[in-house]
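The values are calculated or read from the model by the stated rules, or taken from the named source; none is laboratory data. Every value quoted in this text rests on a predicted model; they were computed, and no experiment measured them. Here the Cβ positions follow ideal geometry from the backbone for every residue, glycine too, while neighbour counts run over all protein chains shown.
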Amino acid sequence: MDNSIKKKLEEFYENQLGYVDSNGKKLRRGITTGTVATAVSKAGALYFLEQKELKSIELTLYDGKNIQVLLERYEIKKDEVTVYSRKYAGDDIDATNLALIYVKVNKRNDKNINITGGKGVGVVTRKGLDANIGQSAINSKPKENIIREIKSITDIGFDIEICVENGEEIAKKTFNERLGIIGGISIIGTTGIVEPMSVEAMKSSISKEIKVKVQNSDNIVLAFGNMGEKALNLMGISSEKICICSNYIGYALEQIVTYNHIKKVLIAGNFGKAVKLAGGIFNTHSHIADAKNEIIVANLALMKAPYELLNLVINSNTTRQVNEYIKEYGFEKVYDILAQKASQKCEISIKNQFKTYVLMFDYDNNKLNDLTNIDDFK
C-alpha cells in the first residue's frame, strides 16, 4: 500500500472524527465498511443527477451527525457509474483497513433501490446473521443508510452492487469464515464510526460467533485461541462447534446465558489461561490479572506438596516451567483439581444456568486433565 494514500486518509479523517483516549494515549477513530459503501452509493446516484465527479461527499450518520467521506475515483460508462473509496479504520486493529470499496450504480425504471453484493463481498451460509442464507453479507443498517441517503437527493430508483477489491483475501484475516460467511468481507456498521477499541471489536465478534454456533445444538465449545481449537480438532471436535473467545471468557459465558436451550459448555485451551478461571478470573489478559502461579501454589499446598515445589512454582516465569516442575514432583493430579474448581467458578458466575467443563492443554497441545464426557461435544 502506497504510504501517501494512508497519509492522505489520516489527514482527511483525523480532525473530523477525533480521538478516543485509551489510558492516556490518543487513538484515532475510523469509518465502517457500511459508511464507505453508503458514500460511494450516494456519489454514484448523484452523478446521474449532476454529472459531477466529487472529491468527497457528505453523509448523515445514524446519530444525526454529518461527516465527509473521501472518494478516490469514478469510472463512467453509458448506463453505469462506478465510484471508489477506501475504508479507514483509524487506530483500530482491522483487517479491512484501507480496503478499496466500490459500487456499480445503474438507474432503474422504477423508484426501488436494490442493493446486492458483488466481487469481494461475502455470502451468508449459516443462520443467525443479519442476512438470510444465500444473501450477500450486507447488514441491515448500511442498507437502510444507503436507501435513506439516496432518497434524500432523488426519487429515482437504482441498482447498487457493492464490491471490494481483494475482498476474498482480506476475509481470510477476519472472523467471517467462522461465522459462515464465505467469499469476501462483510459490509457492516451500527453507528457508522469505528471506535478504536479492539476489546469492543473482539467482544462483538464473540457475540456474533456464539449466535451462529448455538443454532443447532444444546452445547457449545469455547476455545481461548487457535492453538486450543487445533487441539480440540485433533480430539475429534469440529470447528463448527467451537467459538474463539480470547481472554473474554466471562463475557462469552454471559452471552451464552441468553440462550436458554444451552445445557453444557466446554471451555478449553492453554493451561496458563485456564488456571485463572480456578481463581474466579474471567478476563484472562495478563494486564487485568496474572495470579496463575499463586492459584497453582495454593492448590498444590492443599495437596501437601513440598515447600521446594511451591517455591519453584511461585518463582516460575512461564507455565511451561510450572508444568515441568509439577511433573518432576509427581503432582499431576493438581490439573484435575484446578479444572474442577475452574468449572465451579464458571457455573457460579452464570448462576448454574448450564454445566461447564474445563479442559487444559500444555504448549504442545497435550491434554493435562481428564474429561470423561468429551464425546458429548463432538
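Scanning segment 217-242 for residues that are outside any helix (DSSP H, G or I) and free of Cβ contacts under 8 Å to residues at least 60 places away in the same chain, which turns out surrounded by the fewest Cβ atoms within 10 Å (Cβ to Cβ)?
Once the filter is applied, the top-ranked residue is Asp218.
Say whether the condition of being more than 29 Å from Gly18 (Cα to Cα) and surrounded by fewer than 18 Cβ atoms within 10 Å (Cβ to Cβ) is met by at least one residue in segment 86-93.
Residues of segment 86-93 that are more than 29 Å from Gly18 (Cα to Cα), as a first pass: none.
The answer is no; no qualifying residue exists.
Conditions first: (1) of a type outside the set (A, V, I, L, M); (2) over 27 Å from the mean Cα position of the chain (by Cα); (3) surrounded by 17 or more Cβ atoms within 10 Å (Cβ to Cβ). Phe377 passes all but one, so which condition is the exception?
Tallying (1) of a type outside the set (A, V, I, L, M); (2) over 27 Å from the mean Cα position of the chain (by Cα); (3) surrounded by 17 or more Cβ atoms within 10 Å (Cβ to Cβ), Phe377 fails exactly one: (2).
Filter segment 307-338 for residues that are basic (Lys, Arg) and closer than 19 Å to Asp364 by Cβ; which is farthest from the chain's Cα centre (by Cα)?
We begin by selecting, within segment 307-338, every residue basic (Lys, Arg); these are 320, 327, 333.
Then keep just the ones that are closer than 19 Å to Asp364 by Cβ; that gives 320, 327.
Details: Arg320: 29, Lys327: 37 Å.
Applying the filter and picking the extreme gives Lys327.
Looking for whichever is in a loop (DSSP other than H, G, I, E, B), modelled with pLDDT of 95 or more and surrounded by 16 or more Cβ atoms within 10 Å (Cβ to Cβ) here; the options are Ile170, Ile156, Ile162, Ile147. Which one fits?
Working: Ile170 fails: in a loop (DSSP other than H, G, I, E, B); Ile162 fails: in a loop (DSSP other than H, G, I, E, B); Ile147 fails: in a loop (DSSP other than H, G, I, E, B).
Selected residue: Ile156, the only one of Ile170, Ile156, Ile162, Ile147 that is in a loop (DSSP other than H, G, I, E, B), modelled with pLDDT of 95 or more and surrounded by 16 or more Cβ atoms within 10 Å (Cβ to Cβ).
Give the number of residues within segment 72-83 that are among the aliphatic types (A, V, I, L, M) and either in a helix (DSSP H, G or I) or more than 21 Å from Lys141 (Cα to Cα) (or both). Explain how you work it out, then say what you get.
Of the residues in segment 72-83, the ones among the aliphatic types (A, V, I, L, M) are 76, 81, 83.
Add one more test, that the residue is either in a helix (DSSP H, G or I) or more than 21 Å from Lys141 (Cα to Cα) (or both), and what stays is 76, 81.
Total satisfying the criteria: 2.
Only one of (1) assigned to a loop (DSSP other than H, G, I, E, B); (2) under 20 Å from Leu59 (Cβ atoms); (3) of a type outside the set (Ser, Thr, Tyr); (4) more than 18 Å from the chain's Cα centre (by Cα) is not met by Asn97, so which one is it?
(4)
Would you check which residues across segment 319-348 are outside any helix (DSSP H, G or I) and touching a residue at least 12 places away in the same chain (Cβ under 8 Å) and list them? Lay out the reasoning, then the answer.
If we filter segment 319-348 for residues that are outside any helix (DSSP H, G or I), which is where we start, we get 330-332.
Selection gives Phe331, Glu332.
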